[in-house]
Amino acid sequence: MATSRQEQLLQRPPETVAERFFCDLFATGVGAGLAVRHTSDMGRGVFADVDFKEGDVVLQEPPLVAMQHSHNRARALVCSHCLRFIGPLELAAARLLMWQKGMREEEDKGESDEGKEAEEENREEADAAAAKAEGVIQQLSSGQLKLPFAECAGVLPSAVACPGGCTQEVFCSSTCATSAWAEGHAMLCLGHASHAKDTQALKAFYTHADESNDIFRLAAKVVASALSRAHTLLGKGGGEVGEEETEGKGEAEEEERWKLVLEAWMPFAVGHKAIWWEAVACPPDVVAGSDEEASFRACMKSMAEESLNLLAQAIGPLPLDLQPLLSLSVYGATIGMFELNNLDLVVPSPVTTYFNRILDLDDAKQDYGRGRGSDWPTEGAPGARGRGQRAGGRGSARGEGVKDGGENGEEGDEEKDTDGNDGDVGIGDEEEKDDDDDEEEEDCDEDDEDDKDDDLLQWHCQGTAFYSLQSSINHSCCPNAHAFKRDEDVDGRAVLLASRDIKKGEQIFIAYVEESLPLQERREALADYGFVCRCELCEAQGRH
């Protein structure tokens, strides 16, 4: 019975059941103007139910589950539920400065002896600068130093503590804290009020995830969410997970209970799944069908099994009808679902918003601001950047760690100063050069811009998430919609904008990979998703 129930959890629900689920989702206001339909060649797809103009918002959808990457936590303090930045602005700036200071110290440790000797000549100056930076960090953190025109970045919410008393998670409001607790954090909390049976095992689970692949953290959120929903539907009111005797119950009653478990799993059942260690694309240097591939996949499976064992120990014994939710096959399929459906999540930092808007002020206000914030170190400030964050790349749950998606981190509507200084305040115009020098400089500027985009991404909240509706949108290398964070999009919601006019009845497409790549590179990048693209662009390029 357990095996057949595991198989039921792995199966996609019948289209009639999925249609009811999406109708209920549309009734909440998510996906207005959209419809979900079955297609003959792509399975489920999302279609326009109204006309959209280029630039219109096609979709805004909160994630079913989302997480901030472990490596990103030190520099971006965000709500663990909605991924919104937590204030005040000075604290956000201090965390970035502290992270940059740590990065510089690491770089200093790795310098060559020659570099260290050269630096000794400027040691006194460097020490003074470091002491000043440390002082600024402390003043920003304590609130002693206020940034001029901080209101330019908008009002940031204050931190709300976890209801369970853990210090690992904070929230932007009591609403988010309460929602997260009810949706599964109660089982994953390390605080004094945690519902976990073994918090030491839970700590070991988090350590294992951070050292191997932090996608396991997101998989744990799925498990906890499904268990919490199941307990609520089964009449436990979201209470503490515990072992429950089901022996002696009639077959009819057991089947009714199982239907409720399936209902609890439904938000995740609609996502396309494949067992992680079977579906994940091998590294490029691994030959398909070789012993090396078999070893690679066995390593992935072993890693997932070790993670699951720690999570199961932390949650504790479950009633028989809930045990399939903690089976290895379902756990592997959940991670595989992220491999095929998850979206790399980016929430722009309010610090970059602050600098952008400061640079939009007139010269008199900028001069006044410099006087008020004269101790603020401007080195490393991003300058005037594009207004918006391109966030369309999908992520991967490879064994070597979660990779950033193809489009993730590229800026839209990018503004550049004519002097080639990218908006830095107080820098004069460059001298005129001949055409050849201009071309060489343009190539260098493009490389510099790519580097700056990568650097700027480090300022933002980076994570990964799963969305019911967004995950049903199919791929095309010539898409009619793209993911984009506007100034007003300050949390982890997926936001899709129309790339061109879309007529009612058209299927919505996004690009899972960078569509400007050559055909072969796009096909290699799409290998993670388990299909060969047959869009108009690929067909046309394949004929040449």
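Of the cross-linked pairs K203/K301; K101/K203; K259/K301; K221/K503; K101/K221, those separated by over 31 Å at the C-alpha level are K221/K503; K101/K221. Separation of segment 276-318 from segment 57-81 is 25 Å, based on Cα centroids. Extending 7 Å from Cα along the Cβ direction at E524 and again at R543 yields two label points whose distance is 2.6 nm. What FRET efficiency comes out for the pair A27/A161, r = Cβ-Cβ distance, R0 = 30 Å, nearest 0.05? Efficiency for this residue pair is about 0.35. Our coupling estimate for segment 482-487, obtained by passing each phi through the Karplus curve with A = 6.51, B = -1.76, C = 1.60 and θ = phi - 60°, is 8, 7, 7, 9, 8, 4 Hz, Gly and Pro reported as x.
For segment 490-544, a simple Cβ point-charge model (Lys and Arg +1, Asp and Glu -1, everything else neutral) yields a dipole of about 240 debye relative to the Cα centre.
For a Förster distance of 30 Å, can you work out the FRET efficiency between the beta-carbons of K504 and L233, rounded to the nearest 0.05? My answer for the efficiency is 0.25. Given R0 = 45 Å, the distance between the Cβ atoms of K259 and W99 translates into a calculated FRET efficiency of 0.40. Placing a label point 7 Å from the Cα of V57 along the Cα-to-Cβ direction, no residue of segment 460-482 has its backbone N under 12 Å from that point. Shown here: segment 157-303, whose C-alpha atoms stretch 51, 49, 28 Å along the first, second and third principal axes, sorted largest to smallest.
Quick note: the coordinates plus some simple rules give every number you see, no bench work behind them. What you see is a predicted model, and the numbers here were worked out from it, not measured in a lab. Every residue, glycine among them, receives a Cβ derived from its backbone with ideal geometry; neighbour counts consider all protein chains shown.
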